[in-house]
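This report refers to the structure that appears directly beneath it.
The values are calculated or read from the model by the stated rules, or taken from the named source; none is laboratory data. None of these values were measured; they are calculated from a predicted model. A quick note on method: Cβ atoms are made from the backbone with ideal geometry, for glycine too, and the neighbour counts reach across all protein chains shown. Keep in mind that these areas ignore ligands, DNA and RNA; they rest on the heavy atoms of the full protein, side chains included. Shrake-Rupley method; radii C 1.70, N 1.55, O 1.52, S 1.80 Å.
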Amino acid sequence: MVSVDDELLISIRPTFADAIFNGSKSVEVRRKIPPIKLGARLWIYVTKPVGEVRGIARVTEIVEGDPAEVWLACGSRTGLTRTHFDQYFDGSRTAYGLVLEEVAVGHPVSMQALKALRAGFHPPQVITRLTASEAEALHEHLFLG
């Protein structure tokens, strides 16, 4: 997959982030997402009680459809049971499956370091874009720090 200049920070619960990092989950599901380019890098912010950026992954495919279609295409790779998947998408007409590859885990980047990168940093509810300089600084912290 070719690298694309699209850097995004995504919040993921600790259990699901761990599953991504250990390879047992390769599709992150969402009810809504902003426009994302294929090849975008997702910087994974592990939500509280962890509260750190711990790794990255590349978005190589986006599966979009009604929840039943996305389950058929991605269900076994979501880290969810069918019951939990259906509960998450209850009332939603559209589901998105972000297929993740090139997952890498680095040195954790603390909330304090994140606030130094972006004044008033708050973890995103869904996904937020990063500037090239923010992504470069995260890369240095995660992999060179």
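Structure values in brief
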quantity	calculated
Meets criteria (surrounded by fewer than 18 Cβ atoms within 10 Å (Cβ to Cβ), of a type in the set (S, T, N, Q) and farther than 26 Å from Gly23 by Cβ) for Ser110	no
Qualifying residue in region 39-51 (condition: open to solvent by less than 10 Å² (accessible area, probe 1.4 Å), under 17 Å from Tyr88 (Cα atoms) and either out of contact with any Cys (no Cβ under 8 Å at 6 or more places or on another chain) or at pLDDT 95 or above (or both))	no
First in region 11-36 and within 18 Å of Pro123 (Cα to Cα) and of a type in the set (Ser, Thr, Tyr), second anywhere and open to solvent by 30 Å² or more (accessible area, probe 1.4 Å) and modelled with pLDDT of 95 or more, Cβ under 6 Å, 6 or more apart	Ser11/Thr47
Long-range neighbours under 9 Å by Cβ, at least six apart or interchain, first residue farther than 11 Å from Arg41 by Cβ and hydroxyl-bearing (Ser, Thr, Tyr) within region 126-145, second assigned to a helix (DSSP H, G or I) and modelled with pLDDT under 95	Ser133/Leu117
Region 115-136, subset under 14 Å from Glu7 (Cβ atoms) and in a helix (DSSP H, G or I), residue least open to solvent (accessible area, probe 1.4 Å)	Ala135
In region 8-23, the residues that are surrounded by fewer than 18 Cβ atoms within 10 Å (Cβ to Cβ) and among the β-branched types (Val, Ile, Thr)	Thr15
Any pair with Cβ under 6 angstrom, 6 or more apart, that starts in region 47-60 at a residue that is polar (S, T, N, Q) and ends at one that is surrounded by fewer than 15 Cβ atoms within 10 Å (Cβ to Cβ)	Thr47/Arg13; Thr60/Met1; Thr60/Glu101
Selection from region 24-38 of residues that are open to solvent by less than 40 Å² (accessible area, probe 1.4 Å) and not hydrophobic (A, V, I, L, M, F, W, C)	Lys25, Ser26, Glu28, Arg30
Number of positions in region 6-19 that are in a loop (DSSP other than H, G, I, E, B) and either modelled with pLDDT of 95 or more or touching a helix residue (DSSP H, G or I) at 6+ places or on another chain (Cβ under 7 Å) (or both)	1
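Conditions tested, residue by residue: (1) within 23 Å of Ser133 (Cα to Cα); (2) part of a strand (DSSP E or B); (3) in contact with a Ser or Thr (Cβ under 8 Å, 6 or more places away or on another chain); (4) not β-branched (Val, Ile, Thr).
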residue: Phe21; (1), (2), (3), (4): no, no, no, yes
residue: Lys25; (1), (2), (3), (4): no, no, yes, yes
residue: Lys32; (1), (2), (3), (4): no, no, yes, yes
residue: Ile36; (1), (2), (3), (4): yes, no, no, no
residue: Trp43; (1), (2), (3), (4): yes, yes, no, yes
residue: Ala57; (1), (2), (3), (4): yes, yes, no, yes
residue: Glu69; (1), (2), (3), (4): no, no, no, yes
